[in-house]
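The values are calculated or read from the model by the stated rules, or taken from the named source; none is laboratory data. Small disclaimer: the values here were computed from a predicted structure and weren't measured. All Cβ positions, even for glycine, are placed from backbone atoms using ideal geometry, and neighbour counts span all protein chains on display. Note: accessible area is taken over every heavy atom of the protein model, side chains too, but ligands, DNA and RNA are not part of it. Shrake-Rupley method; radii C 1.70, N 1.55, O 1.52, S 1.80 Å.
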Amino acid sequence: RLVGLIIAAPVADRLKTLDLSSETDIPPESVLRLARGLGALTDLYLPDDFDGETQFYRSLVQARPAIVRLNLGFDNTLDNEDLRIICHGLHLEHLELPWAENLTDVAIDVILESPCAQTLRSVDVSYAPQFSSEDVLRLVRGCPELTTLEWENSPEDPLDRDVDGPNVDAVDAILMSRGGRASWGVKTYL
């Protein structure tokens, strides 16, 4: 019922951002109804612990191809194929993948082989130990518009300054050369 009220609201045609993050408990079907019904929607923040499954992402890309900012929610259950659908179907400028445990290091290649590699301006890969500092460096090198990186590791999977230091320094140098700032989200917990 709430979805219907939102879509019928006078401002629905002007609503650009839909933030369902945090403790929101909304089924994927309702998210799709909102995506279809909000004609100006460009920024979507999915709920934490969201489980959309592959068909959801296919439908989302078809329903709202104008999305340029996508926050997949903390601890989203998407996998590499779901990310492929997203990155090939949307021309994202901002992508947030915090704590996406079902992704593997192949996810970096998925992004780099997609149209999003040319449009991404910011990425959040926090709490993703499957992405090594070398993977993150490849991501930054392969996305020429990327100027903002959020990359925070956990105490369970710290970066090793002796091994990762040169990669972190290279990431920061690239970001700063593009007018961005150092990857301030990097915390090594040594």
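Quick check for me: using +1 on Lys/Arg Cβ and -1 on Asp/Glu Cβ, what's the dipole size of the chain about its Cα centre, in debye to the nearest 20? If you can, show how the numbers build up before the last one.
On the way: 16 positive and 33 negative charges, 244 e Å.
About 1180 debye.
Only helices enter the 222 nm calculation for the chain: every DSSP H run of n ≥ 4 contributes -39,500 (n - 2.57), and dividing by all residues gives -11000 deg cm²/dmol, rounded to 500.
Put a plus charge on the Cβ of each Lys and Arg, a minus charge on the Cβ of each Asp and Glu, and nothing anywhere else: the dipole of segment 95-134 about its Cα centre is then about 140 debye. Normalised by the number of residues in the chain, the average gap of Cα pairs under 8 Å and 6 or more apart makes the relative contact order 14 percent. Charge tally for residue 137 (other residues, Cβ to Cβ under 13 Å; Lys, Arg +1; Asp, Glu -1): -4.
When restricted to Cα atoms, segment 49-153 yields an Rg and a Dmax of 12.3, 35 Å, respectively.
Sorted from longest to shortest, the spans of the Cα atoms of segment 28-82 along the three principal axes equal 27, 19, 19 Å. On the chain, 49 percent of the accessible area sits on carbon and sulfur atoms, based on a 1.4 Å probe. Taking all protein chains into account, the per residue accessible area for segment 1-110 stands at 48 Å² (1.4 Å probe). Based on Cα atoms of the chain, Rg over Rh with Rh as the Kirkwood radius reads 0.99.
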